[in-house]
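In what follows, a single structure is set out as structure tokens and then discussed.
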Amino acid sequence: MEEVNQSVVSEFIILGLCSSWELQAFLLVIFSPLYLITILGNIFIVLLIIADLHLHSPMYFLLANLSFIDFCLSSVTTPKMITDFLKENKTISFEGCMCQIFFGHFFGGGEMVLLVSMAYDRYVAICKPLHYSSIMNRQMCIGLVMTSLITGLVHSVSQLAMIIKLPFCGPKELDSFFCDIPLVIKLACIDTSILEMWINADSGVLATTCFILLLISYSYILFTICLHSKDGASKALSTCTAHITVVVLFFGPCIFIYLWPLSITWVDKFLAVFYAVITPLLNPAIYTLRNKEIKNAIKRL
């Protein structure tokens, strides 16, 4: 006899950020321009780096890829969240839910590794300046970006493989504005406590490893900067400060969502909004406002 798929749930009901129509209308007015600014800002940085020959360096090559990933990451969940503000019945198909999980972890995992790559670039530039051009060559830059994408792909496939065959037979309400594993797995019709441990371990190993590597890299960089004169290190310190700010903004919500869950609904929603909507918006703003070369490139337009 042909095996029947146990997943009888064809769609999930999304409760969204709130139930008040007035508040939803307010959030629609807020998040719509924010998403537009995020998309335009990240695309602008990518095109600016491509067009300006002064920005054809490893650091800006990695920055362009970070902006591209932020553009993709924000587009995984934000458009549906915005359109759901206009709907009374907010639903997402089972396939759509799995796609959100896959691409969310793909781009999220890829960004973690890419941030480590950017830290390595700054480490080489500051701690080994005489060897920078030979170490951070074209092949190395492409290899770092490919490593980040492949790591994100392996991470997302492993996460999806652990939940896609789970039996979902009700309930089917997600108290959030998008699908993510910690919420979806609770709707399965079987005991998933062991599976949750494996999933948290998978996400935890990637996030913790990247975060530790970042802490080591920037600690070593800052120690090296302190050994130099203030005038010679000011530019490097400014660049590293921007990178560290991005790292804190990206990893902070991730730690509380996946590694240290609080089980407080409004806190989880706030962190999810910050991770999926606000961080991709702040990244181009941080790099644009704090980077003199980007400012000069804009003036040359």
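The values are calculated or read from the model by the stated rules, or taken from the named source; none is laboratory data. Predicted, not measured: the structure shown is a model, and the values here were computed from it. Neighbour counts are summed over all protein chains in view; Cβ atoms, including those assigned to glycine, are modelled from backbone coordinates with ideal geometry. When the accessible area is computed, the model is the full protein with side chains, heavy atoms only, and any ligands, DNA or RNA have been set aside. Shrake-Rupley method; radii C 1.70, N 1.55, O 1.52, S 1.80 Å.
One table, with the values for the structure above:
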{"read-out": "For the range 22-58 versus the range 165-205, the gap between their alpha-carbon centres in whole angstrom", "value": "32 Å"}
{"read-out": "Size of electric dipole in the chain: Cβ of Lys, Arg +1 and of Asp, Glu -1, about Cα centre, debye, nearest 20", "value": "1360 debye"}
{"read-out": "Set of lysines near LYS186 by C-alpha distance (under 23 Å), chain-local residues within fewer than 8 positions excluded", "value": "LYS80, LYS90, LYS165, LYS172, LYS269"}
{"read-out": "Amide proton proximity set for LYS128, modelled H, under 5 Å, gap of 5+", "value": "none"}
{"read-out": "Listed peptides 273-282, 141-150 by packing density, highest first (mean Cβ within 10 Å)", "value": "273-282, 141-150"}
{"read-out": "Gain on full stretching of the segment that runs from ILE298 to TYR220 - 0.36 nm per residue minus C-alpha separation", "value": "24.9 nm"}
{"read-out": "Derived scalar couplings ³J(HN,Hα) [the range 68-79; Karplus, 6.51 cos²θ - 1.76 cosθ + 1.60; whole Hz; x for Gly, Pro]", "value": "5, 5, 4, 4, 5, 4, 5, 7, 5, 10, 5, x"}
{"read-out": "Rg/Rh for the range 6-132, where both radii come from Cα atoms and Rh is the Kirkwood radius", "value": "1.12"}
{"read-out": "Dipole-positive endmost among MET81, LEU227, VAL248 within the chain (Cβ charges, Cα centre)", "value": "LEU227"}
{"read-out": "Over the range 11-300, volume per residue of the alpha carbon convex hull, in Å³", "value": "134 Å³"}
{"read-out": "Rounded to whole Å, sorted largest first: equivalent-ellipsoid semi-axes of the range 1-75, Cα gyration tensor", "value": "38, 24, 7"}
{"read-out": "Relative counts (whole %) of C-alpha pair distances in the range 67-189, using bins that are 10 Å wide", "value": "12, 34, 26, 15, 10, 3, 0"}
{"read-out": "Residue-span extension gain [THR91 to GLN139] - 0.36 nm each, minus C-alpha spacing", "value": "12.8 nm"}
{"read-out": "Phi-based couplings in Hz for the range 41-58 (Karplus 6.51, -1.76, 1.60; Gly and Pro marked x)", "value": "x, 5, 5, 4, 5, 4, 5, 5, 5, 5, 7, 8, 5, 5, 9, 7, 9, x"}
{"read-out": "Cut-off 14 Å, label 7 Å out along Cα→Cβ of ILE13, residues of the range 170-196 by amide N", "value": "170-176"}
{"read-out": "Gain in span if fully extended, ILE150 to LYS165, counting 0.36 nm per residue against the direct Cα distance", "value": "3.1 nm"}
{"read-out": "Amide proton proximity set for LYS90, modelled H, under 5 Å, gap of 5+", "value": "ILE14"}
{"read-out": "Amide H partners (placed H, <5 Å) of GLU11, local residues excluded", "value": "PHE94"}
{"read-out": "Volume in Å³ per residue [convex hull over Cα atoms, computed for the range 105-246]", "value": "117 Å³"}
{"read-out": "Residue-wise HN-Hα coupling along the range 184-189, computed from phi with Karplus coefficients 6.51, -1.76, 1.60 (Hz; x: Gly, Pro)", "value": "5, 5, 6, 8, 5, 8"}
{"read-out": "Whole-percent carbon and sulfur share, accessible surface of the chain, 1.4 Å", "value": "70 percent"}
